[in-house]
1. When residues of the range A:38-73 are filtered for being under 22 Å from residue C:47 (Cα atoms) and either part of a helix (DSSP H, G or I) or aromatic (Phe, Trp, Tyr) (or both), how many remain?
2. Considering the range C:76-117 alone, what residues qualify as being of a type in the set (A, V, I, L, M, F, W, C) and closer than 16 Å to residue C:153 by Cβ?
3. Residues to consider are A:304, A:294; find the one that is closer than 30 Å to residue A:35 by Cα, in a helix (DSSP H, G or I) and away from chain C (no Cβ under 14 Å).
4. Consider residue C:59 against the criteria (1) within 14 Å of chain A (Cβ to nearest Cβ); (2) modelled with pLDDT of 85 or more: it satisfies all of them except one. Which criterion is unmet?
5. Which numbered condition in (1) part of a helix (DSSP H, G or I); (2) surrounded by fewer than 23 Cβ atoms within 10 Å (Cβ to Cβ) is the only one that residue A:346 fails?
6. Determine the pairs where a residue that is at the interface with chain C (Cβ under 8 Å from one of its Cβ atoms), located within the range A:22-45, has a partner that is assigned to a helix (DSSP H, G or I) and polar (S, T, N, Q) with Cβ atoms under 7 Å apart, the partner being 6 or more residues away or on another chain.
7. So how many residues does the range B:25-75 have that are closer than 26 Å to residue B:124 by Cβ, among the aromatic types (Phe, Trp, Tyr) and touching a helix residue (DSSP H, G or I) at 6+ places or on another chain (Cβ under 6 Å)?
8. Got a sec? Which of C:21, C:111, C:102 is among the aromatic types (Phe, Trp, Tyr), surrounded by 14 or more Cβ atoms within 10 Å (Cβ to Cβ) and at pLDDT 90 or above?
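The values are calculated or read from the model by the stated rules, or taken from the named source; none is laboratory data. Note that the structure is a prediction, hence the values are computed from the model and not measured. Every residue, glycine as well, gets a Cβ built from its backbone with ideal geometry; the counts of neighbours run over all protein chains shown.
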Amino acid sequence: MIALLTYKGILVLIIFTVTLAVAAYSTYAERKVAAFLQDRIGPDRAGPFGLLQPLADGAKFFFKEEIIPNVSNKTLFILGPSLAMLTALMTGVVVPWGNTLWLDGKEYVLQITDLNVGILYVFGVASIGVYGIMVGGWSSNNKFSLIGAIRASAQMISYEISMGLAIIALILMTGTLSLREISLQQAGGVGSDWNLWNVVYQPLGFLIFLVCAFAECNRTPFDLPECETELVGGYHTEYSSMKLGLYLFAEYINMFISSAVISTLYFGGFNFPFMNDLGLSSNWITVIGTGFFFGKIVFFIFFFMWIRWTIPRFRYDQLMNLGWKMMIPLAIFNIALTGLVSLVFK
Amino acid sequence: MTLYVFYFLSFVAIFSALLVVFSKNPIYSVLYLIVTFFAIAGHYILLNAQFLAVVHVIVYAGAIMVLFLYVIMLLNLNHEDEPHKKNLAKIAAVICGGILMTVLVGTLRGASQAIPRTGGDIGYVKTLGRILFTEFLLPFEISSILLLAAMVGVVMVGKTDTKKTTVDINEPNNQ
Amino acid sequence: MLTNRSKVVVKKEMNFWERIYLPAIVGGTIITIKHLFRRKATVRFPEVKREISAVWRGQHVLKRDEHGAERCTACGLCAVACPAEAITMTAAERKKGEEHLYREEKYATVYEINMLRCIFCGLCEEACPKEAIFLTDRIESTDYSRNAFIYGKDKLVEAVDKRIDVTKRQTPAVLEFKKHKLLSHNR
């Protein structure tokens with residue numbers, strides 16, 4: 001029991017650190033990707049290739065003046081970014097970061113906890129995530145913040161539905177809600193045992209999930225809650241110093257976790273092609289698998305940024321039309337199709 | 001251990017439920033209600049019903065309360081424009097509440113103590129699904145019809161009169 | 001309509017593929033990913049200096065003649081020519097014994113150019129009858145206060161021992177052109 005708790009505690013610490021590090025370097029990557037897509041170089045002054053830029057940014061955030069507006073609701077004003085950060089960090093608990101390691105005959109699963117309702121847990125925490133934005137936006141007592149908060153909540157609710165429906169089609173196929181089992185079902189991939197990733201069987205579901213993930217993370221083209229051309233800064237207009245930093249950081253953590261969930265659900269998680277043909281020991285395959293998993297995550301983070309610097313944001317009515325009139329019918333159609341196909345072929 | 005967790009969760013649930021009623025600020029009320037929901041979700045987990053707990057959080061805390069908060073934020077309730085209630089209405093409310101409480105207490109006192117079936121896979125999705133589609137099929141389907149009826153009703157209420165509105169600004173070709 | 005280049009904007013209804021946005025988005029991503037591998041336009045400034053034209057119009061210089069005396073005679077033609085009204089000066093009479101300092105009998109005790117107003121058009125240089133003011137290929141440095149951008153004679157007049165080369169701007173063709181100033185705008 002003690003040994004298990006120690007192991008889980010260490011794993012929690014590692015994942016916490018990795019999450020923060022990835023989020024920090026996502027800010028750097030965002031600026032670099034933006035620059036490269038616009039034929040620029042991007043930050044290159046802090047350290048070699050600007051690699052120390054996140055540290056500089058963090059230090060800047062800490063030394064900035066902390067402003068809490070006089071007319072704001074102070075408790076909620078502080079609660080807002082804390083909630084955003086908390087919910088962002090909570091999701092990583094159920095993500096299977098790797099398969100099992102066998103050390104001294106003991107089994108070490110590279111996942112903090114394998115809930116049997118793993119996907120739903122991710123959903124639950126994501127649906128709570130909007131409170132950070134709403135509470136912060138409302139308590140600022142600023143009309144732009146309020147509009148940002150309201151937009152965020154309406155958008156999140158709209159896209160959560162189609163996201164859930166997209167997942168239901170996947171669950172119809174896998175028959176489990178546990179993220180680890182979904183990962184294990186996709187083991188093999190290309191190679192001797194022909195077992196393709198879920199994205200092959202659920203292309204429409206993947207597309208819907210991806211679009212909804214963009215909306216849930218408040219990323220362009222759905223970043224209307226912080227639409228700076230209309231709302232100054234949206235829900236974080238009144239925030240300064242590290243509180244603003246926490247909001248921005250939470251967004252990058254959400255992006256990281258979304259990428260991890262997308263990779264797990266649709267792209268085989270920690271599995272990689274030819275994994276059974278290499279003739280390696282299972283520990284090595286686990287380590288390489290975790291590497292592949294992070295590779296997939298990095299690709300999706302890049303994809304998030306790539307999209308951000310490619311297309312402009314939607315108008316709000318377009319966003320709502322897309323959510324309610326396109327995504328939900330498509331998702332329902334996807335469920336029906338999946339049900340039909342699984343009925344016919346089984 | 002479980003007992004202490006139970007006591008803690010119950011305390012949080014009851015305390016925040018009371019704060020829902022006693023908070024002056026409606027936003028605080030909503031936030032305390034969310035805390036209450038979380039405490040209740042904790043209770044579900046203690047009963048080994050993870051699915052119910054997570055769905056509870058998603059549906060109540062994640063969707064319904066967001067809408068509550070949404071509406072209250074838009075209403076912009078202040079202390080000044082809170083309508084003053086007449087004494088008669090207050091007395092009526094107290095009497096109604098008292099009667100409801102009497103009924104609830106009476107029912108709970110009369111009920112025989114049920115022994116909750118804990119342990120095993122009672123709260124798992126598979127078990128729950130099997131029970132829903134065998135033992136409780138009729139209530140399940142009826143509730144789905146109820147939801148459908150509510151949905152159709154909302155669409156009917158929310159539908160704009162096409163004869164009155166000639167220009168719909170949301171249509172992209174009319175801009 | 002005069003140029004026949006105007007296009008009539010037709011806003012036709014989007015078809016299915018346009019309405020689901022995806023083909024357009026994929027097209028956009030292909031365009032942006034191509035830019036990822038393009039040559040970057042950035043010049044890393046303090047280390048790498050951008051290549052500038054030989055007749056680049058940068059920070060001004062007040063030239064001295066071959067004996068080291070200031071050429072400027074404070075006639076004010078540059079100030080009149082200046083479209084941004086950035087130049088101001090105060091004139092004074094040359095005293096006995098100052099011949100080695102000032103070439104003409106009248107000189108500028110104060111000569112100021114407001115670098116925040118200056119648009120670097122080069123009209124002052126064109127107006128100058130004494131070949132005193134030139135724009136050089138130097139880039140004026142930044143500063144923290146507005147006052148520091150009002151350059152006085154200390155910054156404008158070239159040092160005796162550190163002459164600034166303006167031969168590229170003062171070619172014989174330019175000198176010939178400057179003789180017929182009246183014609184300059186008719187060219």
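1. 5
2. Correct list: C:78, C:79, C:86, C:87, C:89, C:91, C:92, C:101, C:108, C:110, C:113, C:115.
3. Unique residue meeting the criteria: A:294.
4. (1)
5. Of (1) part of a helix (DSSP H, G or I); (2) surrounded by fewer than 23 Cβ atoms within 10 Å (Cβ to Cβ), only one is false for residue A:346: (1).
6. From residues that are at the interface with chain C (Cβ under 8 Å from one of its Cβ atoms), the pairs are A:37/C:32.
7. Number of matching residues: 4.
8. Selected residue: C:111, the only one of C:21, C:111, C:102 that is among the aromatic types (Phe, Trp, Tyr), surrounded by 14 or more Cβ atoms within 10 Å (Cβ to Cβ) and at pLDDT 90 or above.
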